[in-house]
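Below is one structure; the comments refer to it alone.
Bear in mind these aren't lab numbers, they're just calculated from the coordinates by the rules spelled out. Computed from a prediction, not measured in an experiment: that's the story for all the values here. Neighbour counts are summed over all protein chains in view; Cβ atoms, including those assigned to glycine, are modelled from backbone coordinates with ideal geometry.
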Amino acid sequence: MNAASQQSPLKQSAVIYLRVSTEEQVDNYSLDTQADLCRKEAERRGFEVLEIFREEGRSAKTIRERPTLIELLEYCRKHRKEVGAVIVYRLDRISRQTADYLAIRKKLVESDITLISASEPTGDSPTERFVETMLAGFAQMDNDVRGERSRNGMKARFLSGLHNGSAPMGYSGQDGYAVKNPETFSAIQLAWELMATGTKSLREMAKILNDQGIMDKRKGHKDAPIRAQTLSGIFRNKFYAGKVVSKKYGMEVQGQHAPMVTEEVFYRVQAILDGRNRNAAPAISRRSLESVDFPLRRIIICNNCNHSFSGAWSKGKRQKYAYYFCVKRCSSSVTISDVETTTDKLLAKITLKDETVKLVNAFLRRTYYLRIDALKQKRDRADIALKEVYQTRQALIEKNLNGVYSDDIFKEQNKVLEEKIKGIQAAKNDTVIEKYNLEAISKFITEKFTNLNNTFSTSDLALKRVLMCSLFPKGLRWNYPGYVNTQISPFYRSFLDLQGRQVQIGADERT
């Protein structure tokens with residue numbers, strides 16, 4: 001029975017979400033390609049497509065930077081009686097961050113909406129949902145690996161003395177190196193020398209440069225006049241003294257570029273600026289909603305008023321005390337030790353036995369290989385379709401050479417065929433099959449789910465929150481004292497049922 005047949009008669013419709021970044025546009029992942037594959041998946045499952053949401057050139061790390069995705073979620077909320085599924089080309093189109101993906105899926109599940117991938121194994125059974133969660137996790141891992149490679153490359157470039165980012169004013173970027181800009185180098189160098197005399201203020205120096213026609217041409221400042229704040233950044237930048245400094249790495253190396261001033265001149269200007277700066281104050285850091293001291297913040301929910309818990313420190317006579325509390329202050333606060341002890345007992349209670357993990361892995365392997373076979377069959381069909389398109393294009397070329405088709409008609413038809421080839425190539429992309437390591441998934445399950453207490457205690461803040469949101473997608477309800485109505489996620493509930501530990505969903509369980 002397919003996903004569509006499990007929906008009610010009023011929920012035979014679906015929406016499609018498409019997203020592609022600028023670099024992916026080049027690699028046969030265009031929006032039109034995704035749309036074609038998603039429409040075919042909707043047709044195969046018996047869904048009528050209501051809307052298509054297109055988000056182009058978005059590689060944002062947070063949901064807030066994805067306006068079309070927000071629009072999609074709001075549409076699903078308003079039309080939850082009609083929408084039965086959200087179809088995407090791949091799960092990582094929704095998000096490459098596992099925590100964000102789980103949060104989005106939770107919102108869809110609450111509206112009884114299924115999330116379907118056109119190229120990966122997804123479904124409504126507990127095992128399929130579990131595989132889906134693992135795929136989302138591996139999408140984040142893939143994203144993190146790419147990010148790590150990029151960071152390593154940037155660090156290697158920095159350590160070699162090359163500047164990351166755009167070249168500072170007075171220099172130009174050329175083949176990855178910062179070289180003297182013949183139009184501005186001498187003027188900025190003279191500004192340093194004048195500033196080192198101690199006779200000029202930043203405003204006066206800005207006026208001198210503007211009178212010479214030197215403009216601020218940085219990104220977002222096209223031909224804008226130079227301001228005092230701009231010069232303050234220039235005169236604080238050690239790049240002009242031949243150094244490359246990284247706040248991120250906390251290091252300074254000798255640059256490969258030609259210095260504009262000597263270190264002596266640089267430090268002389270620093271002393272002048274420090275003597276004039278009367279507004280120095282420590283930086284105010286932005287308040288973070290996450291805290292390593294309170295990993296369950298916003299996951300625990302007050303059973304009295306349904307608002308989430310926050311956390312804080314209280315200063316006593318001799319020491320500080322950590323505690324959680326309802327943001328509405330509808331009841332007394334709870335010490336962090338009580339929460340930790342209760343959470344530890346709950347995790348111990350639902351930890352899987354070794355025998356259960358073996359059974360889960362065996363069932364996972366069977367389901368995985370069935371899905372892989374289906375994907376391989378899809379690839380074989382794509383090979384046949386690709387051969388036919390190539391034959392059609394060859395015939396088109398021959399007719400153009402023989403004068404049957406004009407150049408304009410040839411270009412038009414060839415463009416259509418090229419789009420078809422892109423779509424077929426994307427459908428037969430082997431990385432969809434090969435990017436997921438079954439052995440790694442099995443190892444992950446064995447290591448993480450046979451001792452949930454240890455997994456939680458040894459994980460960093462992000463992984464702790466992912467773990468708890470995965471196990472308890474509706475949060476942990478605190479009833480003063482202890483958790484009540486502990487609702488475990490359906491896919492993990494199926495594991496507990498396998499080992500015969502009957503923990504009733506929604507039961508009044510206090511630990």
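See the values below:
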{"item": "Note, ³J(HN,Hα) from phi for the stretch 345-361, Karplus 6.51, -1.76, 1.60, rounded to Hz, x at Gly and Pro", "result": "5, 5, 5, 5, 5, 10, 5, 7, 7, 4, 5, 5, 4, 4, 5, 4, 5"}
{"item": "Pairwise FRET efficiency - ARG493 versus LYS399, Cβ, R0 = 60 Å, nearest 0.05", "result": "0.45"}
{"item": "Spatially proximal lysines relative to LYS376 (Cα-Cα < 20 Å; intrachain offsets below 8 disregarded)", "result": "LYS40, LYS387, LYS420, LYS422, LYS428, LYS435"}
{"item": "Shape category assigned to the stretch 160-276 from the gyration tensor of Cα positions, a/c cut at 1.5", "result": "oblate"}
{"item": "Least to most buried among ILE70, ILE441, ILE87 (fewest other Cβ within 10 Å first)", "result": "ILE70, ILE441, ILE87"}
{"item": "Simple label model, 7 Å out from Cα along Cβ direction - ALA362 to ASP223, nm", "result": "7.5"}
{"item": "Calculated FRET efficiency for the pair SER160/LEU190, C-beta based, R₀ 22 Å, to 0.05", "result": "0.15"}
{"item": "Per DSSP, loop trypsin sites (Lys or Arg not before Pro) in the stretch 180-232 with at most 10 further Cβ within 10 Å", "result": "LYS219, LYS222"}
{"item": "VAL49 long-range amide H proximity, modeled H, under 5 Å", "result": "ALA14"}
{"item": "Rough spin-label spacing in nm, given labels placed 7 Å along Cα→Cβ, for ASP112 and ARG381", "result": "3.0"}
{"item": "Cβ-derived FRET efficiency at R0 41 Å, GLU48 paired with LYS345, nearest 0.05", "result": "0.25"}
